[in-house]
Each structure stands twice: as structure tokens, then as C-alpha cells.
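Reviewing the structure listed below.
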Amino acid sequence: MDALTHLMGGFAVALRPLNLGLAFGGVFVGTFVGMLPGIGPINAIAILIPVIFATGLPPEGALILLAGIYYGSQYGNSISTILLNVPGTASAVVTALDGHAMTRQGRAGPALAMSAIASFVGGTASVFGLVLLAPVLAKWAIRFGPAEYFALMVFAFSALSSLAGGSLVRGLAATAMGLFLATVGLDPNSAIPRFTFGQIKLLDGMDFVVVTIGLFAVSEVLQLLEDTEAGREVQAKVGRVMVSARELTSTGWTMARGSVLGFFVGVLPGAGGTIASFLAYTTEQRVVDREGTFGSGDIRGVAAPESANNAAATGAMIPLLTLGVPGSGTTAVLLGALLGLGVTPGPLLIQEEPDLFWGLAASMYVGNVFLLLLNLPLVGLFVRALTAPRWLLIPGVAALSFVAVYAVNQSPFDLVLMTGFGVVGYAMRKLRFPLAPVILGLVLGPLMEKNLRRSMALSGGEWGILFDSPVALTLWGMAAASLVIPPLLARRTPLPPEADLSEVD
Amino acid sequence: MRRSTLIATVLVASCAPPASRGWECIAPANAGGGWDLTCRTAGQVLYELGEAPGLVRTTNMPGAGGGVAYAHTVAQRNGDTEVLVAASPSTTLRLAQGQYGRLTEDDVRWVGAVGAEYGVLAVAADAPWRTLDDVIAAWRDDPGSLVVSGGSAVAGQDHMKVLLLAHRAGIDPRKIRYVPFDGGGEAMTALLGGFVHVFSGEASEVEGQLAAGRMRVLTVLAPERLGGRLAGVPTAHESGLDVDWVTWRGFYVPGEIGDESYGRWVEVMRRLGASPEWEKARVTNRLEEFFLVGDEFTEFVRAQVEDFREMSREIGLIP
Amino acid sequence: MSDRVTGAILVGLALAIGLEASTFEVAFLTDPVGPKALPYLVAVILAGAGAVIALRPRTAPEWPGRPAWRRMGGGALSFLVFAVLLEPAGFFVACTLCVALMSTMFGASRWQSAAAGVGVSAALWGLFVRILALPLPLGDLWTR
């Protein structure tokens, strides 16, 4: 109950007019910046930090603003993902599967509204998690060592089959391609370059944004060009803008599960939103997808990753604030901002700066309300953008993606690479290879490899370390269960029709 | 189609902008890192001081630990008098290890360093090692008995700190066990979780944990003791090991800008370093005073690259 | 047929990855697993999957006709135009040409594509340079 008293104090801070305005401003700016393909929360925050320093805001005000930008841009990212199939961050890739499928069916409105609502639910539920569990979870997160991370990655990969669409073999091949891309660059454990072919620009590895925008967005443009000729062009249907009551009730448990799962995964440093959204999506598919509609425009396929993703964003604040350990790229940037504001996050933060901690928690709740209020009315507007003539809309969005990628990396080489990935992505769609596993391999591959090698370095080559702790064993058990149980269930229920993720029109 | 694009080209070309574009600072990494902060902070102060003709633009050019920006500066900006590039020991270390291809430290001109952090070695508060000497003694018994974590890759800054210490203490650096993590934060978590024994990082990284009494800093790799919370921590020199790790923050400029322009940059840095505005920004960003410009800085960089090269060769990282 | 070719390509890729990985030489080993393990695993998975796909082809995709290839070629070209021209000729030229070309591929008239090119370039310039303060190149050809 102590926590709740503090939280009330926090609300007193958050509801000050200045802070209310900052939360709103942050969410607003974040939404629009996040919509730009390839400019995720990290860049949004990093670009705005000097501006914020220059304004001389008090620390809690600045932090409220930054947090607003953080989850605002995460939601903004879902907008371009759902409408245009341009996921700008790894965590939005699974949202694209069902979200963009819904857009193609003329259900962009409900998809966007669902995304806003699920983000709200995930964000709100996790704020309570933050308030009630922060100190306990901080201790738990510390006990999560390389071996446990490795087991978590194995669990995440075991969910692969549900992303593979029709053919497991093609799913495996796509994952292997992602893993291959993940190995490109300087190997941090041995300081040797792998698959860089002397190209200095490849030493840092494949930029996730380049691969994703290439595979998804560029190949989408090529596909649309093909369809234009074939006379199969589907004029964007606007349709209904809001979710129906039935859709809302059917996703209630999905959002609840997504929020809880996302929150706990988000707390783990280094895991974050991507794993959270992938796990939420694949878990949900096993739990509720009886008809096999996931991947072809199932609204629950939007609700699950969106709630998880936002819950993870809040969860990631726990290690940052209570340990001073950033759990993701975005929170690392936030850490820099905090230090610059004269706040040292760490175990003492809650005691030393109660106004800041509880004010932030309360303002995250307020910010989530703003996010919902701001975005539900705008859904109709965003959807209408799709009715712009195709010769203007598609080149415009394509150029936007290209400029965004260039503005962040300053590398024309990346643009050529992106075009190449677009061609590969088009071929993969045609040959019915699912695209999402490539991203799974690319994003989780390095985490899996690094943590395996760290474990081995720690144990001196003793494999037993991987099964040493209860947490690791539990995760191994879950991985095994997720491989074994679905086939058993499938034997009892009639086989679902093949969900086809590579289908485009 | 051909005609329309032609028209468009003419339209666009006719409104080509004037030549002066203001000052630009290239941060050779993504937004949010140390180089980015160097550029944005110094750029802001240079503008406030009226040194710069307008707002200083920060361009992020990530890639190859600064290698992309280095190659870009040499190949495409060699005579550009309005561009600064942020640098740190990460730059000199990679130059020394040949990670920038054929480019050397003499391909650009080194303007100055305007602040620094110092390296530290820390252990968990309840660890049995109370001083740097304890750790060295443990290494002497069995170099493989301690595992060190750090936020940089193998052969990166955090790794080099321990290698240098071991080397100076007469222990075979190749036997030291180092596990790289993604950034100091994760490396520190591994220490707090009890997965590793020693953490190698920067002074600013350990402040929060130190205040909470969860970590003990064994040594600072600075010429003299630091102030603030770390005032009680001895330097490595006090243990008889002459190892400093100065994570300086500074700048280089393109190599072919001529002595006059170079001299102007040096004067600009001198005035920046002397200004109270920079002093304030430096303290905000947790940087210690460290100021070297012009020839002095160039000599410093050359010596550092040479040191790193020798060290890397000795432990077999480069031929 | 498509599947057989794809399978063969995957097997070839696997071989190339495996061969390249076998050349990795480590000067300073910090972990017993080493940098070769993951590439080898990738090669094995790719070779296996490629073999299955080549030997048991399942799908025969409907490849588009020549006009569609031309459009898609134009689309890919417009991306490359942007990438290649951006730094030498500057943002306005690259972006205008890229958008105009792509827009033509989507069936726009001359004037429509020109308007799209100029309009999109101006809008993006305003957004990135004016609002977000992210620099875009003006073109080395004009500014030197």
C-alpha cells in the first residue's frame, strides 16, 4: 500500500499543468516522428535531447517529456507499419503480419484503433507493474545471466514454426538467412571481421533498418508495380474506422496476456520490445488461433504484439531507473539524458528522488491516456491518406523511407543495399518464403550467439552452465513444450488451412 | 517522361544554394553515444560563444567504430574547412590496430581534446578483493581465476585497460579472461549478478552503484586521484603500475585544409576550453578537465597510437 | 522449376558460407565456441533446407509478364538513381528524379510525375532539414 500512497504523490506531480503539457507534447511529437520509417524511438530521443537541455526544464519535466516521446514514437511506428508495411523497428515486424493484412482488406481503421487501444492497455497495465514490482524485479533481472539469456533465445526461436506460415522448411531457410546476416561484421568476441569482404561499411554488421525496409517496404513497392500492370490493383478501401465491440471483447485476454508477458520480458536488460512482441504473437497464436487466421488479418495478431511492445517499453524503465542499467538502445540514450540532467539512476533513485520516480510513473499513465485520446480521432485521417492516388502515395512513401535511412546513417551504400534486399524480398514473396523469420534470425541471432559464447567463456567450456539455474531450466522446459505441444494439439483438432504470410494482395 | 524530369532538374538546379553551409560536426556513431554527445555539446557551446557562424550541425555517421567517418573525411572532405570530427581513444586504438584500413593517424589533423573520463576497475561490494594489489596477486597465482567484464569488444578499450595492467604487472596478458558485453551497463549487471569478478569501465558508469554501496572501485587509471565520490580510490600508480586510461574527447579535421584554417581551429578550441560555458557543459556531462590543443595534442595522439600498436602486437592482436 | 533453382541457390550459398567461415583465423580466443560455430550452423540449415526444396518442389509461382518486369525494373532503378545521385547531385535532383520515375511506373502522366517529384522533394526537405534539423546533402557538384 505504501507504493500506492507514493503513486498518489506522483500524480500530484504529473498533473501539474506544465507536466501535463509536457506529457502531451512528448506523445504528440513522438507519434509523428515515430511514423517516419526508420526513425524509431532512439533517434527521436537523441535528436531532441540537446533541445531539451537547452530549455532548462527541471529533471522530472524533462524525463516526462522524453518518456512521452519514447512511447509516442513506438505507437507512431505502428501506424506506418500497419498502413504501409514499413516496420521501422524490430518490435513492429510482427505487427505488420496481421496489421498490414487488415489494411489490404480495407480494415486499416480497426487495425489502427486496435493498435492504439492495445498500446494503451499494455502501457497502463505495465505502469502498475512498475509501481508495485520495480524493486523486486530489479533483483530478478540481475540474476539473469548469459546462460539464462541463451535459454530465453532458444525459447524465442522455438516459436519459429508459428511464424513460418505454411512451410517449416522455408521458415527454417528464412531464419538461417537472418542468422547469416546477423554474423556479418566485426565479431565482438574475437575481434575478427566476418563476411565483410573488406568492406569497411560492413564492419558494424547489417543495419536492421536497412534489412527491414528493404525486405518489407522496397519489395512491397515492387509487388505493387507488378499488380498495377496485371489490372489487379486494389483501390484502398477505407471502411469502418473504429473497432467493433465484438473485436474489443475478443481481444481482451489477448491484450492481458500480451501486457504481462511484454512487461516481464521488457524488464530483462538486452531483451526488450522485439522479443516481447515476437513471443506475445507466437504465444497468442498457439493459445487462441483455432481457425488458423493469424497472419491473414486477425485483429488479435495486432493486439498481442502491440500490447506487449508497449508494456516492454515500461518494463525497460525498471533496470534503467533502479539499477542504472539501460536495457535497450533507447533506454541507453535516456540514461545519457538523465546523467546530463544531474540525476544518477541507481538503487537509491527511488529514495533520493521520489518526485522524479513516482512523478514519472504517474505521468506514464497520463501519457498513455493522451496517446489514446490523441490517436483514436486521428485514425480516420491516417486511413484516408491511403486513398491518395497511388502514383503519388507510393513514390512519396518510398522516398520518405530512403531519406529517413540516409538521414540517420549518412550512407548511400546502405541505400543500394536496401534496394538489393528489396529485390531479394520480392523473390522470397514470390517463392512463398516467409519474411518475418529473417528478422527473427537477424535480431535474435546475435543475442543467442553472444550469450552462448559468454556462458562458455564464463564456464571455461563447461556446457553444464546452460542448465545450471532454475530459471534456465524453466525456459528450456517452455521451449521443449512449445515444440512438442502444438503437434499434439493439432492431432486432435482438424488441421488448419495454411496461413500464408508471403501472400501480398 | 524524359521531358518532365528534365524540367524538374532545371527547376531544382536553378535554386542551388550558396556555398557556405555553416559548421558541421561529424559524430562517427549513432545518436546518443559519447561522440554524438561531444559534437552536440561542443557545437552548442561554440554557437553560444559566437564562435560558429550559426548553429553547428551534428551529422551522425556510424560505421566501423569511426572508420566510416574517418575514411569519409580523408576521401571526400579533405579540403573542407568547416567540418570537425569527434574522436576519442577508440579512434586511436582502431588506428593502431589497423582497423581503418590503410589510413593512419597522419591522414587527418588533430585539433584538440576538450575533456576526459578515466578508466576504473571495480568489483562487487562483497568481493574478497579489496585493492588492486589483491587482484594482481590473484592473477599471479592463476591468471585464469578471475573473469573480467567490460562494455567493449575484445581488443576494445575496456579490454585494453586490463591487458595493460596485467602486462605492466608482468603477467601474460593472453591468459587474462575477458568477456565482452554490449556496453558498460550490461557488463556491470553481470558483475552485480555474480557472473564475473571484475568490471572494467569508466568512472561515470560506476557512480550510481558506488553511491548505493553495491560496488567497490579498486583503482582509477588516472595520473592523480579524482575528486568527488572517487576521492578515496587510489590510482594504479600508487600500486606501482604506470597505467593511465584517459578517455579523452576531442576532434580532428581534414588533412588538407592548410595551416591557416588549422590554426583557426586550434584557436577556436583554445577559446572553447577557456570559457566558463564549456566548463559548465563539461561538468554536466561528467567529464574531467583535460585540455590539449594543436601540436601538443598531435604529439599526444601519435604517441598514443604508437603505444597501442606496440601493445596490440605484443598480445598477438596484430602481426 | 523455380523451386529447384531456389534450392540449388540455397545449397550454393550454404557452401560459400561454410567455405568462407573455414578461413576465419582467431588471434585472440576468449571463448571456447569461437566465431565459426554460428556460420557453420547456418550453412548446415541452409544446405538441408535447400536440398529439401530442390528435391521436393511444391510451389510454382506465377512470374509476371514482360511489361510488369519493365515496371519493376524501373522501380528498382529509381531507388538506385536516388542512392547514386544523392551525394554528387544533391537531395533535390536525386529525390525529384527518383520520385518522378517511380511515379511514371505507377502510370502517372508526365505532369503528374513531375509534380510528384518536385512536391515530394520539397515536402521532405522541409520535414527533415527544417523541422528535424537532420542534414541532407546539397550536392557536391554545385557546392564546390
>> Tell me which of A:Leu203, A:Thr228, A:Ala311 sits at the most positive position along the dipole axis of the protein assembly as shown, charges placed on C-beta atoms (Lys, Arg +1; Asp, Glu -1).
In response: A:Thr228
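Please go through the range A:5-68 and write out the chymotrypsin sites (Phe, Trp or Tyr not before Pro) that DSSP classes as loop and that have at most 10 other C-beta atoms within 10 Å.
none
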>> With an 8 Å Cα cut-off and a minimum separation of 6 or more residues, compute the relative contact order for chain A in percent.
In response: 29
> When the label point is put 7 Å from the Cα of B:Lys280 along its Cα-to-beta-carbon vector, which residues of the range A:52-96 have a backbone N closer than 16 Å?
Replying inline: A:52-59
>> Given the DSSP H assignment, sum -39500 (n - 2.57) over each helix run of at least 4 residues in chain A and divide by its residue total; what's the result at 222 nm in deg cm²/dmol, nearest 500?
In response: -23500 deg cm²/dmol
>> Please give the charge dipole size of the protein assembly as shown, origin at the Cα centre, charges +1 on K and R Cβ atoms and -1 on D and E Cβ atoms. Round to the nearest 20 debye.
In response: 3160
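In what order do A:Lys139, A:Lys450 fall by count of nearby beta-carbon atoms within 10 Å, going from fewest to most?
A:Lys139, A:Lys450
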> Taking every DSSP beta bridge that has both residues in chain B, what percent is antiparallel when rounded to the nearest 5?
Replying inline: 60
> Going by how many other beta carbons lie within 10 Å of each one, how would you line up B:Val148, B:Val45, C:Val26, fewest first?
Replying inline: C:Val26, B:Val45, B:Val148
>> Give the average, rounded to an integer, of partner chain Cβ atoms located within 10 angstrom of each Cβ in A:421-430.
In response: 2
> Could you put A:Ser91, C:Ser113 in order, starting from the residue whose Cβ has the fewest other Cβ atoms within 10 Å?
Replying inline: C:Ser113, A:Ser91
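Give me the dipole magnitude in Debye, nearest 20, for chain C about the Cα centre, with unit charges on the beta carbon: positive for Lys and Arg, negative for Asp and Glu. Don't skip to the end; give the middle numbers.
Values: 10 positive and 7 negative charges, 125 e Å.
So the dipole magnitude of chain C works out to roughly 600 debye.
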>> I'd like to compare A:439-449, C:94-104, A:466-476, A:332-342: which one has the highest average count of other Cβ atoms within 10 Å, and what's the full order after that?
In response: C:94-104, A:439-449, A:332-342, A:466-476
> What number comes out for the charge environment of B:Gly144, summing +1 per Lys or Arg and -1 per Asp or Glu over other residues with Cβ under 14 Å away?
Replying inline: -1
> How far is it, in nm, from the label point at A:Val369 to the one at A:Thr249 when both lie 7 Å from their Cα along the line to the Cβ?
Replying inline: 2.7
> Which distance in nm do the two modelled labels at A:Met242 and A:Leu15 give, with both placed 7 Å along the Cα-to-Cβ direction?
Replying inline: 2.7
>> Using just the Cα positions, wrap the protein assembly as shown in a convex hull and report its mean projected area in square nanometres, one decimal place.
In response: 36.9
> Taking the Cβ-Cβ separation of A:Glu291 and C:Ala133 as r and a Förster radius of 56 Å, what is the calculated FRET efficiency to the nearest 0.05?
Replying inline: 0.70
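How high is the relative contact order of the range B:209-319? Use alpha-carbon pairs under 8 Å, at least six apart in sequence, and give a whole percent. List each step's numbers first, then the result.
On the way: 58 pairs, mean separation 14.7, N = 111.
It rounds to 13 percent for the range B:209-319.
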> How long are the semi-axes of the ellipsoid equivalent to the range C:1-134, from square roots of 5 times the Cα gyration tensor eigenvalues, in whole Å, largest first?
Replying inline: 42, 27, 11
> Working out 0.36 nm times the residue gap between B:Asp126 and B:Glu289, then minus their Cα-Cα distance, what length gain in nm do you get to one decimal?
Replying inline: 55.5 nm
> So, with +1 on the Cβ of K and R and -1 on the Cβ of D and E, and no other charges, what is the size of the charge dipole of chain A about its Cα centre, to the nearest 20 debye?
Replying inline: 580
> With the contact rule set at Cα under 8 Å and sequence spacing of 6 or more, what percent relative contact order holds for chain B?
Replying inline: 25
> What's the extension gain from B:Ile171 to B:Ala303 if we count 0.36 nm per residue and subtract their Cα-Cα distance?
Replying inline: 45.1 nm
> What are the principal axis extents of the Cα atoms in the range B:207-319, in Å, biggest first?
Replying inline: 51, 45, 21
> Within a Cβ distance under 14 Å of B:Gly112, other residues only, what is the Lys/Arg minus Asp/Glu net charge?
Replying inline: 0
> Farthest toward the dipole's positive end in the range B:118-239, which of B:Ala222, B:Val179, B:Gly208, given Cβ charges of +1 (Lys, Arg) and -1 (Asp, Glu) about the Cα centre?
Replying inline: B:Ala222
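Read the figures in this text as sums done on the coordinates, not as results from a lab. Computed from a predicted model, the values in this text were never measured in an experiment. Here the Cβ is made from the backbone with ideal geometry for all residues, glycine too, and neighbour counts use every protein chain on show.
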